[in-house]
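The values are calculated or read from the model by the stated rules, or taken from the named source; none is laboratory data. For clarity, every value in this text was computed on a predicted model and none was experimentally measured. Heads up, the Cβs are rebuilt from the backbone with ideal geometry, glycines too, and the neighbour counts pull from every protein chain shown. With ligands, DNA and RNA removed, areas are computed over all heavy atoms of the protein, side chains included. Shrake-Rupley method; radii C 1.70, N 1.55, O 1.52, S 1.80 Å.
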Amino acid sequence: TPCPVLVSATYGWLWILRRRVCTVSWKKICCPVDFSREARIAMEEAAYLAWRFDGNVTLVHVNELPVPPAATEMLVPPETFVLAAVELDRKLNLWRDEAEQIAGTSVDVALLSGAPAVEIARFAREGRHDVIVMGTRGEKEGEHLGLGSVAQAVVREAPCTVVVVRRGPSPPPPVGPS
């Protein structure tokens, strides 16, 4: 069965939550991040929801690893993959610290490998999350409702409500004397 989807322009739907019109209560919040601007906006909204509903956020990054070539064809030393994993872990922990400031509670992190949409849906299902809050660029032509390909796939596969956060339009440039 399809799950509910809320598509949000930057902070638009939170206005409704702050006015206490919303009747949902999400306690377990899964927030996939790819360290983009859109993911940062989603992380901030997920942390706000955790604060608002006295819930818990788990920030999830899926490392889409390429299929490694045969050992004889490998051009990149194996240490490079280890260093990349350490850097991803460092970034994820920095984002966790920011989310904890907003949520006012501890935030969990998970670093996964595989196809992003499949792993996000699996993680949410196995963790029995109430909602997935994720960003989308939605810039590719032909994307349904302006959702990116990963967001579309997560919406199709998710076992729970998906809140898709899109960045609002860029502010106009400042007007002033030239």
> Within region 102-128, what residues put their amide N at less than 16 Å from the label point 7 Å along the Cα-to-Cβ vector of ALA84?
Replying inline: 111-116
>> Sort LEU49, LEU94, LEU88 by heavy-atom solvent-accessible area, probe 1.4 angstrom, most to least.
In response: LEU94, LEU88, LEU49
> Could you sort GLU45, GLU119, GLU64, GLU157 by accessible area so the largest value comes first, with the probe set to 1.4 Å?
Replying inline: GLU64, GLU157, GLU119, GLU45
>> For the pair SER25/ASP108, report the inter-label distance in nm, with labels modelled 7 Å from Cα in the Cβ direction.
In response: 2.0 nm
